[in-house]
Amino acid sequence: SHTLYNVGYYVYCSNAGLTVSSGTTLTADGTFTVSGGGGAWSLETGTIAVKGNITFTGTSAWGGGTLTLKAIGTANQTLTGAGGTYQAALPKFIIDKTGGTLTLSGVISTAQTWDYIQGTVDPGTSTVVFNGNTTIDGQGTSSTMAFNNVTIWSNIRPLGGNLNVNGNLKINANTALSSNGYDINLAGDWDNSGAYGGGFDPGTRTVTLNGNSTQTIKGSTSTTFYKLAMNKPSGDVLINKPVIVSSNLTLTKGAVVSTSTNYLQLADNAVIVGGSDTAFVSGFMRKAGNDAFTFPIGSNSLGTGKYHPLSITAPSSTTDIFSAEYIPSNQAAGSALDSSLLSISNCEYWNLNRVAGSSNVTPGLGWNVNTCNSNIPADLVVAVWDGSKWLNKGRSSLDMANNGGTGRVVAASAVTASSNPVLIGIKKNIYNSY
């Protein structure tokens, strides 16, 4: 083991390699640079510890190897990638800085483990591309480093620590990411086109979307999360591919925008944590199973009172699926009323649909400050369209808050058809007749 100042490795021919003897360390007090335009190459066995900038450049198609490359400087350092997915890939890489900042620059490919121990890391606008099936460990002894963009390019990559991504996380085709017992915090887009196990193995861990602008869940493959959390300072989450949550959906802040094609579905026994005017699902949502459930739905188009939840009683089968959607406008199904209804809402309605199964459920509707019917809550009932007229489904309970500005009315009987618009109606009484 010994120390040099600037160290460079120039790749001249294919199948080349640089070997540092096993058990020894070459320390570079200055820079370490890999360059050249040769073919496949690798860095093998020992350790190169660098106190200055680390630069991988040139057009070499590959790299990697079993050598351990360490950033150990106490001053500022920059790690610069060669710019291509398979271009000049890092070997095993360790960040162990006791001072200064390591800045990540460009597109950095790595074919081996990424291990963060300590130090300040600035991910800048970089992209780190992970090839191979070794671990990604960004969780150090006392803190977790942040990446900017992360791409899982090949094989199955397991996490070796919590993963914080300030930019986008992309799971490429024919590959997968495994949570492996760790959480993911993501501020950008989730882009899943993976093939193995749906591209993502969530284990029993949480993916938290926490960006301060619009984030998108997209890709060619739908994603199953175990626990999914929304805690966004600002902006929405757009769903451009179906999302399934198998355990918990936590809504702290931020709207989830979905459609009937690109929906959000909770599995049997999955639960909702939260739900409010600032944390809800704007659009189409599905629930599977035999659980009594409240859909945390609303509309992002409303200026105030965005949260309008819809509850259902428990279906009879674990394979039943119901969907719900809130619409802040007048319904277009029809105007015919049964004889016990005085009028129906002309400013909002809910779509309740039985997607699978044969169960009948009893709905409850949650109004908010922008409702057009809360001025006479004593007469409120649930009304359901039966294909030809609006039926009075009665009322089993009525909850109100904020002087009636918010509340919930629960029907007295079940909805029997597989697909029904439902809304708040006003029943006739002796005063109306008079």
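The values are calculated or read from the model by the stated rules, or taken from the named source; none is laboratory data. All of these numbers come straight from a predicted model, not from anything done at the bench. As a convention, Cβ positions derive from the backbone with ideal geometry for all residues, glycine included, and neighbour counts pool all protein chains shown. Please note that ligands, DNA and RNA were not included when accessible areas were found on the heavy atoms of the full protein model with its side chains. Shrake-Rupley method; radii C 1.70, N 1.55, O 1.52, S 1.80 Å.
List of remarks:
- Carbon + sulfur, % of accessible area of region 58-105 - ligands and nucleic acids excluded, 1.4 Å: 49
- In region 268-417, the portion of solvent-accessible area held by carbon and sulfur atoms comes to 48 percent [1.4 Å probe, whole percent, DNA, RNA and ligands not counted].
- Cα gyration tensor category, rounded, prolate or oblate, for region 151-273 with a/c compared to 1.5: rounded
- Diffusion constant of region 263-315 at 25 °C, which comes from Stokes-Einstein with the Kirkwood Cα-pair radius and 0.890 mPa s, µm²/s: 214
- Amide proton proximity set for L238, modelled H, under 5 Å, gap of 5+: Q215, T216, I217, V257
- Database remark: amide H of V107 closer than 5 angstrom to the amide H of G81, G83, T127 (H placed geometrically; neighbours at sequence offset of 5 or more, or on other chains; Pro and chain starts carry no H).
- Computed over region 48-92, the ratio Rg/Rh where both radii use C-alpha atoms and Rh is Kirkwood: 0.99
- Cβ-placed point charges (K, R +1; D, E -1), dipole of region 102-238 about Cα centre in debye, nearest 20: 180
- Shown in residue order for region 387-394 are the 3J(HN,Hα) couplings computed by the Karplus curve 6.51 cos²θ - 1.76 cosθ + 1.60 at θ = phi - 60°: x, 10, 7, 8, 9, 7, 8, x Hz (x for Gly and Pro).
- Amide H to amide H distances under 5 Å link V34 with Y9, T55, F56, T57, where only residues 5 or more positions off or on other chains count and H is placed in the peptide plane.
- Dipole orientation for the chain: of the candidates T47, Q87, T24, Q87 has the Cα lying most toward the positive pole (charges on Cβ; Lys, Arg +1; Asp, Glu -1).
- Protection proxy ranking, peptides 124-132, 1-9, average beta carbon neighbours within 10 Å, highest first: 124-132, 1-9
- Neighbourhood charge, 15 Å Cβ-Cβ cut-off, centred on S335 and excluding it, Lys, Arg +1 and Asp, Glu -1: -1
- Across the chain, the relative contact order, built from alpha-carbon pairs under 8 Å that are at least six residues apart, equals 6 percent.
- Cα-Cα P(r), region 26-164, percent of pairs per 10 Å interval: 13, 48, 35, 4, 0
- With viscosity 0.692 mPa s and temperature 37 °C, the Kirkwood radius over alpha carbon pairs of the chain converts through Stokes-Einstein to a diffusion coefficient of 134 µm²/s.
- Region 1-75: radius of gyration over Cα atoms, expressed as a fraction of 2.2 N^0.38 Å: 1.05
- Over region 368-412 - Rg/Rh using Cα atoms and the Kirkwood inverse-distance radius: 1.01
- Taking the chain, the Cys residues with no second Cys beta-carbon under 4.7 angstrom are C13.
- Here is the tail figure for region 283-396: Cα pairs spaced more than 19 Å apart come to 48 percent of all pairs.
- Dipole-positive endmost among G211, W350, L266 within the chain (Cβ charges, Cα centre): W350
- Taking Lys and Arg as +1 and Asp and Glu as -1, the other residues whose beta-carbon sits under 13 Å from that of G132 total +2.
- Chain lengthening between D386 and S358 when straightened (0.36 nm per residue, less Cα-Cα): 8.4 nm
- Residues T66 and H2, FRET efficiency given R0 of 30 Å [Cβ-Cβ distance, rounded to 0.05]: 0.90
- Efficiency of FRET between T24 and D277 - r from beta-carbon atoms, R0 56 angstrom, step 0.05: 0.35
- When shorter helices are ignored and each DSSP H run of at least 4 residues is given -39500 (n - 2.57), the per-residue value for the chain at 222 nm works out to 0 deg cm²/dmol.
- Computed over protein heavy atoms with a 1.4 Å probe, the accessible surface of the chain works out to 39 Å² per residue.
- Leading residue at positive end of dipole, the chain (Cβ point charges), from A314, A333, L249: A333
- Cα→Cβ-extended label distance, 7 Å offset, between L342 and Y9, nm: 8.3
- Each Lys and Arg Cβ is given +1 and each Asp and Glu Cβ -1; about its Cα centre, region 313-434 then shows a dipole of about 180 debye.
- Gyration tensor (alpha-carbon) shape descriptor, region 360-434, a/c threshold 1.5: oblate
- If R0 is 60 Å, the Cβ-Cβ spacing of T304 and S142 corresponds to a FRET efficiency of close to 0.90.
- Calculated SAXS-style log₁₀ I(q)/I(0) at q = 0.11, 0.20, 0.25, 0.29 Å⁻¹ - region 132-195, Debye, Cα scatterers: -0.22, -0.73, -1.11, -1.36
- Electrostatic dipole magnitude of the chain [Cβ: Lys, Arg +1; Asp, Glu -1; Cα centre; debye, to 20]: 400
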